[in-house]
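Peer 1: Could you have a look at this structure, given as structure tokens, before my questions?
The values are calculated or read from the model by the stated rules, or taken from the named source; none is laboratory data. Note that the structure is predicted; figures quoted are calculated from it, not measured. Here the Cβ is made from the backbone with ideal geometry for all residues, glycine too, and neighbour counts use every protein chain on show.
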């Protein structure tokens, strides 16, 4: 058994697959603990894992540029105070190996100094949007310097030397690797529901032939957008569909005016709903998109603020599995896109093809195998030290 410490970024699309991989590792007898920002702690504890709060997460936030949705995120992910606390946590915990979120430069820039084997996780495409990743890290560096601290290393300097980078996307969905990136492995999507996302019966009979549309936007507080959810509900109000909107706890159902053909739920497991769904309207989160593709459900994607979401939207359109709209799409644009995807069967056929590619891929189990392969590589033979 190995003791593993996950240095975590609990963004909307990052924590659920991390928990799924932790489950697979636990089933193999390993012990997984998480260290992360205060918002992470209750979610990790609810999932049944030990959570270490990074109390310095926002200690230096006042120095970071104001007025951006990235301000608190950049402080947590890049500030020297977080770096210092991470060093203390790793020293105190003395794990056998580290699991590091690929979006966490404060952890990545200390990875070698920790002196431990480590796996970096990227919960989206790597090569399809490599330039985007580079821009994000450059933005974090600029914000960190504006706060009076030294620049961050570049993305390439932080990612390329790592022992292993695990992408929880499918290799056939990503681009071909650039030279010098032989440490990247794709394990496939990890589509883990958090425990508060439970099966929720819908108010329509199972044999009701009316198409169901699932509305699912970001669960990250940084991307809270009541108006966008309302526009999606309004777009479907006059269409011959049933609509289900899940708000993920960042928009309260009573903040929305649900039309007569819709229900709004705070939390709900998506898999049971997707088995009955004809269309997903979403923000372009990698996890939601991969879950939709696994079920062969086409999408209308209206990207949010996260850097990867326009790339996910473009991918869905490229595959013919749906339509991509601008992030500020109007109610009318959403309505016309929904009508088209529902009416034109080639969208569902393309999504079904993606479903066949995913097949029985178990990204969590494959990621656990990659972690164990690294552990076997760095641990001495069992015979070492024997009398």
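Peer 1: Pick out the one residue from 342, 325, 305 that is surrounded by 15 or more Cβ atoms within 10 Å (Cβ to Cβ), at pLDDT 95 or above and closer than 29 Å to residue 138 by Cα.
Peer 2: Working: 342 fails: closer than 29 Å to residue 138 by Cα; 305 fails: at pLDDT 95 or above.
Being surrounded by 15 or more Cβ atoms within 10 Å (Cβ to Cβ), at pLDDT 95 or above and closer than 29 Å to residue 138 by Cα holds for just one of 342, 325, 305, which is 325.
Peer 1: Right, here's the next one. Taking region 21-41, which residues are in a helix (DSSP H, G or I) and modelled with pLDDT of 95 or more? Steps first, answer last, please.
Peer 2: Initial filter on region 21-41 (in a helix (DSSP H, G or I)): 21-27, 38-41.
Hits for region 21-41 are 21, 22, 23, 24, 25, 26, 27, 38, 40, 41.
Peer 1: So, in region 139-152, how many residues would count as being more than 19 Å from residue 67 (Cβ to Cβ) and exposed (fewer than 15 other Cβ atoms within 10 Å of the Cβ)?
Peer 2: 2
Peer 1: Report yes if residue 320 is modelled with pLDDT of 95 or more, part of a loop (DSSP other than H, G, I, E, B) and outside the structural domain of residue 174 (by TED's automatic domain parsing), otherwise no. It would help to see each step written out before you state the result.
Peer 2: Details: modelled with pLDDT of 95 or more: yes; part of a loop (DSSP other than H, G, I, E, B): yes; outside the structural domain of residue 174 (by TED's automatic domain parsing): yes.
Spelling it out, residue 320 is indeed modelled with pLDDT of 95 or more, part of a loop (DSSP other than H, G, I, E, B) and outside the structural domain of residue 174 (by TED's automatic domain parsing).
Peer 1: Inspect all residues belonging to region 67-85 and state whether any of them is under 27 Å from residue 284 (Cα atoms), assigned to a loop (DSSP other than H, G, I, E, B) and either modelled with pLDDT of 95 or more or over 18 Å from the mean Cα position of the chain (by Cα) (or both).
Peer 2: So in region 67-85, the residues under 27 Å from residue 284 (Cα atoms) come out as 67-78.
Right, trim to assigned to a loop (DSSP other than H, G, I, E, B) and you get 67-70.
Cutting the leftovers down to either modelled with pLDDT of 95 or more or over 18 Å from the mean Cα position of the chain (by Cα) (or both) gives us 67-68.
Scanning region 67-85 turns up at least one residue that is under 27 Å from residue 284 (Cα atoms), assigned to a loop (DSSP other than H, G, I, E, B) and either modelled with pLDDT of 95 or more or over 18 Å from the mean Cα position of the chain (by Cα) (or both).
Peer 1: Kindly check whether there is at least one residue in region 31-45 that is within 21 Å of residue 369 (Cα to Cα), under 18 Å from the mean Cα position of the chain (by Cα) and in contact (Cβ under 8 Å) with a residue 40 or more places away in the chain. It would help to see each step written out before you state the result.
Peer 2: Initially, region 31-45 is screened for residues within 21 Å of residue 369 (Cα to Cα), giving 31-34.
Imposing the further condition that a residue be under 18 Å from the mean Cα position of the chain (by Cα) reduces the set to 34.
Narrowing the set further to residues that are in contact (Cβ under 8 Å) with a residue 40 or more places away in the chain leaves none.
Within region 31-45, none of the residues are within 21 Å of residue 369 (Cα to Cα), under 18 Å from the mean Cα position of the chain (by Cα) and in contact (Cβ under 8 Å) with a residue 40 or more places away in the chain.
One line per residue, one yes/no per condition, for (1) surrounded by 16 or more Cβ atoms within 10 Å (Cβ to Cβ); (2) more than 29 Å from residue 126 (Cβ to Cβ); (3) touching a residue at least 12 places away in the same chain (Cβ under 8 Å); (4) in contact with a strand residue (DSSP E or B) (Cβ under 6 Å, 6 or more places away or on another chain):
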{"residue": "275", "(1), (2), (3), (4)": "no, yes, yes, no"}
{"residue": "288", "(1), (2), (3), (4)": "yes, no, yes, yes"}
{"residue": "295", "(1), (2), (3), (4)": "yes, no, yes, no"}
{"residue": "301", "(1), (2), (3), (4)": "yes, no, yes, yes"}
{"residue": "313", "(1), (2), (3), (4)": "yes, no, yes, yes"}
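Peer 1: If residue 152 satisfies every condition in (1) touching a residue at least 40 places away in the same chain (Cβ under 8 Å); (2) within 18 Å of the chain's Cα centre (by Cα) but one, which is the exception?
Peer 2: (2)
Peer 1: Turning to a different aspect of this structure: Just to verify a result, which residue in region 2-20, among those that are within 15 Å of the chain's Cα centre (by Cα) and part of a loop (DSSP other than H, G, I, E, B), is modelled with the lowest pLDDT?
Peer 2: 12
The rows are residues; the columns are (1) in the same structural domain as residue 342 (by TED's automatic domain parsing); (2) within 19 Å of the chain's Cα centre (by Cα); (3) at pLDDT 90 or above; (4) within 28 Å of residue 133 (Cβ to Cβ).
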residue: 238; (1), (2), (3), (4): yes, no, yes, no
residue: 244; (1), (2), (3), (4): yes, no, yes, no
residue: 263; (1), (2), (3), (4): yes, no, yes, no
residue: 267; (1), (2), (3), (4): yes, yes, no, no
residue: 270; (1), (2), (3), (4): yes, yes, no, yes
residue: 301; (1), (2), (3), (4): yes, yes, yes, yes
residue: 316; (1), (2), (3), (4): yes, yes, yes, yes
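Peer 1: Within region 99-121, how many residues are touching a residue at least 60 places away in the same chain (Cβ under 8 Å) and either under 19 Å from the mean Cα position of the chain (by Cα) or assigned to a helix (DSSP H, G or I) (or both)?
Peer 2: Number satisfying all stated conditions: 9.
Peer 1: Which residue out of 43, 88, 37 is on the phi < 0 side of the Ramachandran plot and surrounded by fewer than 17 Cβ atoms within 10 Å (Cβ to Cβ)?
Peer 2: On inspection, the qualifying residue turns out to be 88.
Peer 1: Another question, if that's okay. Quick one: in region 153-182, of everything that is outside any loop (DSSP other than H, G, I, E, B) and exposed (fewer than 15 other Cβ atoms within 10 Å of the Cβ), which residue is modelled with the lowest pLDDT? Give the steps one after another, and end with the answer.
Peer 2: Filtering region 153-182 down to residues outside any loop (DSSP other than H, G, I, E, B) leaves 155-159, 164-167, 171-173.
Filter once more, keeping what is exposed (fewer than 15 other Cβ atoms within 10 Å of the Cβ): 157, 172.
Details: 157: 97, 172: 94.
Per the stated criteria, the residue is 172.
Conditions (1) in contact with a helix residue (DSSP H, G or I) (Cβ under 6 Å, 6 or more places away or on another chain); (2) outside any loop (DSSP other than H, G, I, E, B), marked per residue:
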site: 273; (1), (2): no, yes
site: 280; (1), (2): yes, yes
site: 304; (1), (2): yes, no
site: 314; (1), (2): no, yes
site: 326; (1), (2): no, no
site: 335; (1), (2): yes, yes
site: 340; (1), (2): no, yes
site: 352; (1), (2): no, yes
site: 361; (1), (2): no, no
